[in-house]
1. In the set B:Phe12, B:Phe51, which member is at pLDDT 95 or above, surrounded by 18 or more Cβ atoms within 10 Å (Cβ to Cβ) and part of a helix (DSSP H, G or I)?
2. Looking at segment B:17-28 only, could you name the residues that are more than 9 Å from chain A (Cβ to nearest Cβ) and either surrounded by fewer than 17 Cβ atoms within 10 Å (Cβ to Cβ) or polar (S, T, N, Q) (or both)?
3. Could you list, in sequence order, all residues of segment B:33-48 that are at the interface with chain A (Cβ under 8 Å from one of its Cβ atoms) and part of a helix (DSSP H, G or I)?
4. Can you give me the number of residues within segment A:702-753 that are in a loop (DSSP other than H, G, I, E, B), open to solvent by 60 Å² or more (accessible area, probe 1.4 Å) and modelled with pLDDT under 95?
5. Output the strands (runs of 3 or more DSSP E) that fall wholly within segment A:456-570 and possess 1 or more residues being of a type in the set (D, E, K, R), or say none.
6. Could you tell me how many of the residues in segment A:378-394 are modelled with pLDDT under 95 and at negative phi?
7. A:Lys785 is checked against (1) surrounded by fewer than 17 Cβ atoms within 10 Å (Cβ to Cβ); (2) farther than 30 Å from A:Thr554 by Cβ and fails just one. What number does that condition carry?
8. Of all residues in segment A:286-327, count the ones that are farther than 19 Å from A:Gly345 by Cα, assigned to a helix (DSSP H, G or I) and not small (Gly, Ala, Ser).
Amino acid sequence: MEGNAGNFTVTVKKSPRYVDMDKCIACGECAKKCPSKVPDEYNQGLSKRKAIYVPYPQAVPLKYAIDAANCNYFKKGKCRNCEKVCPTKAIRLDDKEEIIRLNVGSVIVTAGFKPFDSSKLLNYQYGKYPNVVTSVEFERLLSAGGPSGGHITRPSDHGEPTKIAWLQCVGSRDLNKCDNPYCSSVCCMYAIKEAMIAKEHIGKGFEPVIFFMDMRTFGKDFEKYYERAKACGVRFIRSKVHTITEIDEAGKLGLKYVTDAGEIKEEIFDMAVLSVGMEPADSVAELAKTFGIELNPYKFVKTSDISPVATSRPGIFTAGVIQGCKDIPQSVMEASAAACCAGSGLASARGSLIRTKEFPPESDVCGESPRIGVFVCNCGTNIGGFADVPAITEYAKTLPNVVYAQENLFSCSQDTQDKLVEIIKEKNLNRIVVAACTPRTHEPLFQETLSNAGLNPYLFEMSNIRNQCTWVHSDNKEKATDKAKDLVRMAVSRATLLEPIPRLSVDVLKHGLVIGGGVAGMTAALSLANQGFPATIVEQTDHLGGAAREIIKTAKGEDIRKFLADIVGQVEKHPDIKVLLNSEVSGASGFVGNFETQVTSESGSQAVKHGVTIIATGGHAADTGEYLYGKHPRVTLWHTLENAPEKLADADTVVFIQCVGSRDDSHPYCSKVCCTSSVMQAIAIKEKHPDMNVFILYRDIRTYGERELLYKEAREKGVIFIRYSLDNKPVVSPDGDKLSVKVFDPILQRTLLIGADYVNLATAIEPADNSRIAEYYKVPLNAEKFFMEAHAKLRPVEFASDGLFICGLAHYPKPLDESIAQAMAAAGRAATVLAKATIDISPMVSQVNTDHCIGCGLCAEICPFGAIVLEEVAGKGYRAKNIPASCKGCGLCASSCPQKTIDMLHFRNQQIEATISAAAISAAA
Amino acid sequence: MTEPFEPNIAAFLCNWCAYAGADLAGVSRLQYPPNLRTVRVMCSGRVDPVFIIQALKEGADGVLVAG
């Protein structure tokens with residue numbers, strides 16, 4: 001790579017694929033005939049694949065490739081079986097490596113991770129005992145697409161296991177047997193998940209056991225999952241297994257471990273699953289060299305807490321596990337954050353490379369009687385080999401309104417597409433049915449063909465006779481043919497009633513509203529403004545900064561006060577950011593691209609018009625009545641001691657108590673940041689007063705990721721950690737003007753009495769009162785009153801309704817670096833809306849016939865997207881009104897309308913009923 | 001001898017999950033009896049109870065709603 005931010009030249013080596021992507025239809029004939037079998041990497045080598053292969057069935061694009069290192073032709077110069085059998089002539093054995101030069105403004109490094117190599121741990125005998133497997137291998141054993149079809153089998157004899165152990169922290173939190181002192185962050189959750197799924201698969205009598213050090217279920221809804229696993233019978237044993245021994249011919253395993261009370265135990269298991277940790281991908285060293293970016297001591301890409309996706313080199317960003325161990329939601333957030341940062345640098349070039357496609361004008365088919373053309377695809381032999389395509393085509397000709405039918409070898413090939421356009425014009429067709437593969441992949445292609453022929457794209461219907469017919473009934477040509485005829489008849493019945501639907505688009509107001517002026521809100525506003533989109537921040541208090549004003553340092557030791565001063569300065573000075581202090585949102589209406597929000601302050605109310613809404617209302621530490629808080633002046637909360645260090649001048653002992661009113665019935669979730677916060681405070685005290693006694697009373701220490709290093713440092717500095725359980729909590733009582741703390745130490749197996757100068761409590765982090773915001777924008781809250789994102793993993797910063805985004809503590813408790821990444825992600829996603837002058841909306845939306853509407857409001861109540869509202873009509877009361885821009889076309893409103901006065905465009909009652917009538921009677925009958 | 005009973009089953013599949021699952025079953029070449037006749041809908045919530053009654057009334061022997 002050469003150049004600088006804004007103007008890099010990157011040279012990319014593209015390995016040959018030996019398969020023409022445009023021609024391959026992924027029929028699999030090549031793999032069937034390929035003689036070379038190799039271990040399947042995707043199934044962790046537990047099954048075989050061929051030298052010509054797709055990595056896994058869900059691969060996108062679904063196209064084959066040749067693994068030259070294992071191909072007979074490339075190794076010995078002969079075979080070419082794939083070339084002989086490929087029905088589309090897609091094999092390119094003369095394909096060559098390509099060198100591509102790209103001119104880009106920024107680079108995002110997302111090279112990922114590799115699982116820890118367990119064969120390094122001799123005491124677990126991985127690789128020697130067949131029934132010791134890694135968690136990644138076990139994941140494949142659980143999968144329906146895996147080597148055993150989802151039926152869990154013991155590798156030694158393929159019998160069904162009845163007792164499986166999971167061993168946590170294999171290759172994580174370990175400097176003794178490997179060099180990975182960090183926590184891999186994800187293994188506790190995936191082990192619980194594997195245990196739960198295994199329990200579902202195997203059923204009664206199955207005993208899953210998880211051996212762990214600290215259970216780190218710190219993410220959103222993770223703690224509840226942990227509790228559910230316990231209730232479902234997953235046994236959790238807090239101990240590190242020191243040896244695994246094979247005890248019999250059948251391969252049963254003896255696991256030796258020490259209990260809390262110091263007793264040595266041995267338990268027998270059918271299998272042991274090693275919960276392997278994460279290491280940066282092997283390519284990281286070379287990438288770091290090529291791009292000139294720094295790595296941290298554990299070889300992850302180095303970033304700071306205040307710029308969590310920026311590498312050490314301007315213009316180069318990073319996301320995912322290559323930056324540090326994390327789960328899917330966090331990786332997805334960082335990916336959007338990195339895209340946002342890259343977008344800021346490229347803002348001036350936005351839209352400059354766009355080309356628009358031109359289509360001929362649409363002919364008006366209204367009033368014409370249906371003239372349906374049916375095209376039945378052979379898909380090479382994929383359909384033609386397993387169903388009688390000529391018979392299906394002849395059958396299609398007999399159906400009502402069909403004026404033309406023909407078969408194609410490949411309907412999707414470019415020349416067939418061109419011919420289709422000609423036939424449509426020549427035969428004056430006004431409805432098209434293609435019986436081929438699946439509309440999920442090919443409908444857009446054929447709809448474009450219709451547009452090219454001057455037909456509205458919604459005059460098209462696809463009949464799925466490959467994926468859902470010949471591929472799944474390949475053993476019965478007669479039945480497959482009958483079913484294909486039925487499917488074609490259903491499609492024709494529906495096509496008869498299809499109607500043209502005009503394109504729908506809405507204008508976009510290029511302005512963002514950010515609710516909340518904390519770090520998340522300010523970061524989101526700055527990220528929007530730096531991409532060229534003005535933003536307004538609405539802040540309830542008289543200052544910016546939010547919860548971060550209480551904190552001194554980030555986990556990596558960065559100065560938060562200095563950062564806050566910087567970012568507040570940037571926000572206040574930015575010409576495109578307007579800050580409304582002492583203000584609250586008091587009402588909102590509108591939809592993506594066109595919101596109008598009422599903002600109220602003491603001086604009155606004003607309307608803000610905006611295209612997107614980012615909610616960053618923050619959170620705060622919960623109050624408590626436990627442990628004498630509020631009754632004794634030496635019992636403090638969260639950052640009180642840290643912010644008043646003079647209190648400690650003549651103190652001898654400080655006790656921190658974790659999980660106060662947290663991970664219990666009052667707050668059934670982990671607040672994620674408290675362990676790290678108390679550990680950092682304890683370290684700071686020890687640095688200043690090495691002789692002071694510092695205790696941390698905890699339930700599980702959850703210093704995930706590289707925060708684990710802080711936990712290690714605290715122990716090295718002499719901080720004493722004592723674990724307590726929910727059923728035997730510490731007791732704090734007054735002792736003169738000081739305090740006395742009674743706690744049971746499970747290692748010493750006795751109760752300790754600690755005389756303390758101060759007791760500092762870490763209470764749960766609660767969200768702000770979000771009920772009204774949720775109501776105004778019709779977005780959901782979860783049981784704990786945090787906002788609920790559209791999808792925990794795949795859409796972590798968006799709501800199900802378009803144009804609304806979420807970040808920071810309002811989503812879930814999280815440390816500063818994650819709040820910043822999430823805020824950038826929200827702004828990045830919001831920019832995808834703001835970057836357009838108009839947004840195209842799927843016109844398959846609801847349609848209300850107000851003549852019959854009685855204004856009952858059931859539709860508005862039931863719509864998950866806020867796409868139907870009640871509107872007052874003079875003299876008539878209320879009537880339902882649809883908002884097409886918010887509608888996702890699900891049809892909940894239509895199916896629940898008691899008056900049957902809501903219908904769905906393209907999925908009208910009549911159209912569905914016609915399909916049902918055609919389906920109800922079989923062609924064979 | 002009478003022919004064995006072959007039910008005709010109308011299936012309402014959600015475009016985003018069950019229909020995609022049925023496609024994936026095809027990609028994976030999983031074999032199942034050819035008795036399903038699929039009606040694709042944009043959400044299983046689109047399935048009005050009337051549709052189910054209609055299918056049964058007009059000759060379907062069973063109805064599957066998957067989403």
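1. Details: B:Phe12 fails: part of a helix (DSSP H, G or I).
Checking each option against the conditions leaves just B:Phe51.
2. Let us first name the residues in segment B:17-28 that are more than 9 Å from chain A (Cβ to nearest Cβ), namely B:17-18, B:21.
Listed by number, the residues that qualify are B:Cys17, B:Gly21.
3. B:Gly45, B:Arg46
4. Applying the first criterion (in a loop (DSSP other than H, G, I, E, B)) to segment A:702-753 yields A:702-704, A:717-719, A:724, A:726-727, A:729-730, A:736-737, A:746-749.
Now narrow it down to the ones that are open to solvent by 60 Å² or more (accessible area, probe 1.4 Å): A:717, A:726-727, A:729, A:736-737, A:747-749.
With the extra rule that they be modelled with pLDDT under 95, the set shrinks to A:726-727, A:736-737, A:747-749.
Of the residues in that region, 7 qualify.
5. Numbers: elements: A:460-464, A:504-507, A:512-515, A:535-538.
Because the criterion is at least 1 residues that are of a type in the set (D, E, K, R), the strands (runs of 3 or more DSSP E) in segment A:456-570 that meet it are A:460-464, A:504-507.
6. Residues of segment A:378-394 modelled with pLDDT under 95: A:378-386.
When the remaining residues are screened for being at negative phi, the result is A:378, A:381-386.
Of the residues in that region, 7 qualify.
7. (2)
8. Going through segment A:286-327 one residue at a time, the tally reaches 7.
The values are calculated or read from the model by the stated rules, or taken from the named source; none is laboratory data. In this text the structure is predicted, and so the values were computed from the model without any measurement. Positions of Cβ are generated from backbone atoms using ideal geometry, with glycine treated the same way; all protein chains shown enter the neighbour counts. Each accessible area value is taken on the protein alone, full model and side chains, heavy atoms only, with ligands, DNA and RNA left out. Shrake-Rupley method; radii C 1.70, N 1.55, O 1.52, S 1.80 Å.
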